[in-house]
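First up is the structure itself, then whatever we jot down about it.
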Amino acid sequence: MDGEPEGVPTQEPAVRLRLELAYDGTGFAGWAIQPGLRTVQGVLEAALGTVLRTDGPPRVTVAGRTDSGVHARGQVAHVDIPAGLIEKSSGRSSRPVDEVLLTRLGGILPPDLVVHTLTRAAEGFDARFSALRRRYTYRICDDAARRDPLSRTHVLWHRRGLDVDAMAAAARPLVGRHDFASYCKPRPGATTIRTLEAFAWSRPVDGPDAGLVVATVQADAFCHSMVRSLVGASLAVGEARRGAGWPAELLAARRRGEGVHVVAAHGLTLEEVGYPPDAELAARAVQTRARRAAEDLQHAAGCCG
């Protein structure tokens, strides 16, 4: 049926705001709201509701949900706010509304959650579906001489020395478009097909990560616990408990087995979410939704056939 039914008022136009944020995941039970738990989404939505004086907390859509204890430097989200509330929020200030809102948010958010930018989103922008890729880093210290208590909340301490070259070799065959069912915690009806664009291990010789064992993992999207499972398989190779071909054998099995270890969350950081140019945002969102729907149907058919 076209149009609104007679006598029903049309909804006030909304303004979509784009937020770029960072957080220390130590004190959060992940991104998503959970009853009785402190989450990034819960704290952020409550703060937005206070700043914008909404009847209830506005719902925020995020580029990628992070698990309990996982950190983020480059998280992206969006929120839709009635246009009238946006304009009222500036009060008597002569500054742009976006700047006023960002300043007020900074005044009430806790120190472990920071919104770096708050702007009006470009036409067609969707924090989740417009994204091209997500890039994570996992940091490990395997050298007691370099163990730093000040970094204990974001670097995993590993008692055994690791063979980084073997880990890098084992990671390479996993790059590409695959069914990562062996590396994901299953969710009913959800696809586990992903395009892993980069999976590399290194031991930097300079910079803030000097001496650490660092994984760079990038994909169009990740399924639940995928990155930490990939790291867990790599550690088995790095310790020489498994051969360099074992992670690829796991991938080919397309079935989660007992040998897959999900490493601790605190070594993982979401570094960046990448988007196409503004003119391509809407098309990318449509494309992503269509592909996810098709993959979910394919997954369901495979489960039930």
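Every number here is computed from the coordinates shown, using simple stated rules; none is lab data. Note that the structure is a prediction, hence the values are computed from the model and not measured. Glycine gets a Cβ as well: all are built from the backbone with ideal geometry, and neighbour counts include every protein chain shown.
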| Extension gain from Ala293 to Asp112, taking 0.36 nm per residue of separation minus the Cα-Cα distance | 61.6 nm
| task | Order by neighbour count: His224, His71, His116, fewest other Cβ atoms within 10 Å first, most last. | result | His116, His224, His71
| query | ³J(HN,Hα) across the range 236-248 via Karplus (A = 6.51, B = -1.76, C = 1.60, θ = phi - 60°), whole Hz, x for Gly/Pro? | reply | 4, 6, x, 8, 6, 7, 9, x, 5, x, 5, x, 5
| Hey, fewest Cβ within 10 Å first, where do Thr50, Thr191 land in order? | Thr50, Thr191
| message | Under the rule of at least 5 residues apart or a separate chain, name every residue whose amide H is placed under 5 Å from the amide H of Ala29. | response | Arg38, Thr39, Val40
| field | C-alpha long axis of helix 40-52 to longest principal axis of the chain, angle in ° | value | 20
| note | If N is the residue count of the range 168-236, its Cα Rg over 2.2 N^0.38 Å rounds to 1.19
| request: Would you mind checking the tilt of helix 281-304 against the longest principal axis of the Cα atoms of the chain, expressed as 0 to 90 degrees and rounded to 10? | output: 50
| said: Quick check on the range 91-135: take the gyration tensor over C-alpha atoms, sort the square-rooted eigenvalues as a ≥ b ≥ c, and tell me if it's rounded (a/c under 1.5), prolate or oblate. | reply: oblate
| Among rounded, prolate and oblate, which fits the range 133-274 when a ≥ b ≥ c are the square roots of the eigenvalues of its C-alpha gyration tensor, a/c under 1.5 means rounded, and a/b larger than b/c means prolate? | prolate
| task | Give me Rg over Rh for the chain, both radii from the alpha carbons and Rh done the Kirkwood way, two decimal places. | result | 1.02
